[in-house]
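Here is the structure we will look at, set down as structure tokens.
The values are calculated or read from the model by the stated rules, or taken from the named source; none is laboratory data. Predicted model only: the values in this text are computed from it and were never measured. As a convention, Cβ positions derive from the backbone with ideal geometry for all residues, glycine included, and neighbour counts pool all protein chains shown. Keep in mind that these areas ignore ligands, DNA and RNA; they rest on the heavy atoms of the full protein, side chains included. Shrake-Rupley method; radii C 1.70, N 1.55, O 1.52, S 1.80 Å.
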Amino acid sequence: MPPWYHGAVTALPPRRLRLLAACAALVLGGCAADLGAEGIDGDGGAHDGPAACGVGLTLTTRSPTPGTTIAAEAHALAGNGPFTFTWRVTTASGAEVATTPRTSDGAQVDIPIDQPGSYHVTVVQTTGAGGRCSAEDGVTAKNPTGRNDQVLLRFVPPAGSGLQIQQRVIPITGGTPEGDLNITLEQGIPLDLPVRGAGAGDTAPSFVRLIAHDRGFEAAAYVPAGGTLHAVLLDDSYDVLVIPDETAAPRFAPLLLGDRGLASLTGLDRLPLEPGVLVQGTVHDAGGAPLAGARVVLAHERLPSTIGVADLDGTFAVRAQPGDFGVSVAAPPASGMPDLELPAGLNVTADAEVLVAYAPEAAAAGDLDALVTGAAGAVPGARVTVRALLPVAGTVTAGGATLLAPGVVRRLVAADGTGRVRLPALPAGTYDLTIEPLTHGDPNDAVTRLTVAVPGAPALLPLHPKVTLSGTLGGPPGVAPFDLTGTRVTALLHGAAGLAAAPAAAADGSGAFRVRIDPADPASPATYVVVADPPATSGLARGLALVSVASLGDVALTTVALPRALILAGTVRPEFGTPLAGVYVEATRYREPGREDPGVRAEAISDGLGRFTLRFCDPDDMAD
């Protein structure tokens, strides 16, 4: 389905990418290049017939008001008459629109614009000698009372294309896209920078990460000692993180170059390695003994120090840039000590001395020894994740000031062949447990969250039964019924990524569905997101509903309304060359940088002609 949208595209967006990310191409496809009113052949320039043929197309307006009629006129540009003209008009969802001829040969027709949205207009000219050719154009009817919104389009080119991840922000006005959805992906500009210090021999292996401020692009590379960073970047400003990877005593500190424009980066003669300042210190356990093997990192937002490992005397050394830092200490698993995490407050200066001392309350106070049970009895092989927050785990002393540091206990263990779980030497506290039966136990056993206290852990860890969410799907209020057969419905526990999504279920002809979920702790009501993805032929887009579950009993839902589909159809091609197949395209609702709404989304993959079609939520049916 061709895109029929005209105008400028505004590029904006976020700073939200992980340290190391792998991009994969995924799903769907569908749509064609933008064709104006200049008489472009539907065959891409080839004439179908024994004689020359050429046709142009003129529309009285490209932005009609719903409820009006526009006129379209075909112009014979080549070929011998008599000419006949055949018209076809479709909406964005593919519905046929009947036209009314104004002339006997069909050169002029009236097109009714009954509803908001995009209309695709095609005219086929037949010559007296049997030649055939066509022209295409489109109009967009905006809902004058429709709400305005924005959609962030993210493009992930296939591996090996040489192109970078890029994105665009498309305004939606009156229920229709504003802007050209024929997207050109930039080739980028090569950047080659040696990574070294001030002296020619000042080198070290380094990890380099570049994050664009607006273009949704990230690059990461590992550069060997004395090597050069090779990257291809889009025209944007970047945060550049350089982390030296030295196995011996560190000579260089990690460095963050913030908000550097591409012109500034290409003007550098090297990506610098700098010594920073040396920070030394000691780590002691709750009994005052050196805590050998503890790993210490100082961190200021995204800028870390090097990693220090405490020796047999508990002594460590790291290099960092001067400034205000926090301290993270990862204790050896066998020590029984929690991880210590001080978010900020440590003033790092040259030759700073840091003393980390665990508090007595962080010492081991008891064991967790229990049996995992389900509907069929013991559940061998179940996976148990244990986590507890300690308000005070120790102190950090530096520069004459002593700061209280909280801590966190993290453990992961599998139940043995009898279903028993044993975690020794835990500090006193309240622990959150996530118990996953995996493929063991009864099919009715759910992933279960429990809260236990140490000392005094229970002898049993019972798995909850799965809960059934049942309901009926519907279309937007005040709109004619839609065919919802085959709509895929699933559910996610909101704000708890550790719990898997429920397996998808299909709605029946009446839109009824049943989804089985993993409940949360009944003492803490949980919120689930019910996600409904209708088939492409329904004319609807993904629907979402928030459901509060406050017990372990089955839940009957009110009708889950699905929004009308807003068709975002376009093409994607490189700056030079042919249209690009296999580009993953994702659309999410956009508010401002860093505030995308991943729940309201659609996705597609470009086909061999670079075409894609996204079925996005109509803004008029979206909730704020």
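Structural remarks
- The sum of -39500 (n - 2.57) across all DSSP H runs of n ≥ 4, divided by the residue count of the chain, sets its helix-only mean residue ellipticity at 222 nm to 0 deg cm²/dmol.
- Rounded accessible area per residue of the stretch 71-187, 1.4 Å, Å²: 39 Å²
- Relative contact order (percent, whole number), the stretch 173-318, Cα cutoff 8 Å, 6+ residue spacing: 20 percent
- Each residue of the stretch 223-232 was assigned a 3J(HN,Hα) from its phi angle through the Karplus curve 6.51 cos²θ - 1.76 cosθ + 1.60 (θ = phi - 60°); the sequence is 10, x, 4, x, x, 10, 6, 10, 8, 10 Hz, with glycine and proline shown as x.
- Difference of contour (0.36 nm per residue) and Cα-Cα distance, R420 to T266: 49.5 nm
- Note: relative contact order over the chain, using C-alpha pairs below 8 Å and six or more positions apart, is 13 percent.
- Accessible area per residue for the stretch 524-624 is 41 Å², calculated with a 1.4 Å probe on protein heavy atoms, without ligands, DNA or RNA.
- The stretch 316-328 - phi-based ³J(HN,Hα) in whole Hz, Karplus 6.51/-1.76/1.60, Gly and Pro as x: 9, 9, 9, 10, 8, 7, x, x, 8, 10, x, 10, 10
- Whole-percent carbon and sulfur share, accessible surface of the stretch 340-465, 1.4 Å: 59 percent
- Summary of the geometry: the stretch 265-341 and the stretch 163-184, compared by the centres of their Cα atoms, lie 44 Å apart.
- With K and R counted +1 and D and E -1, the other residues having a Cβ less than 11 Å from that of P272 yield a net charge of -1.
- Taking every alpha-carbon pair under 8 Å whose residues sit at least 6 apart, the stretch 237-290 reaches a relative contact order of 34 percent.
- Per-residue HN-Hα couplings for the stretch 98-112 [Karplus 6.51, -1.76, 1.60; θ = phi - 60°; Hz; x = Gly/Pro]: 6, 9, 10, x, 10, 9, 5, 8, x, 5, 10, 9, 9, 10, x
- Solvent-accessible area per residue for the stretch 383-476 (1.4 angstrom probe, square angstrom): 43 Å²
- Subtracting the Cα-Cα distance of A334 and E246 from their residue separation scaled by 0.36 nm leaves 29.1 nm.
- Under DSSP loop assignment and at most 13 Cβ neighbours within 10 Å, longest GluC sites (Glu not before Pro)-free interval of the chain: 302-574
- The amide H of A446, built 1.01 Å from its N in the peptide plane, has H464, K466 as neighbours under 5 Å, considering only residues 5 or more places off or on other chains.
- Diffusion coefficient of the chain by Stokes-Einstein, Kirkwood radius over Cα pairs, 37 °C, 0.692 mPa s: 113 µm²/s.
- Heavy-atom accessible surface of the stretch 156-203: percent carbon and sulfur, 1.4 Å: 52 percent
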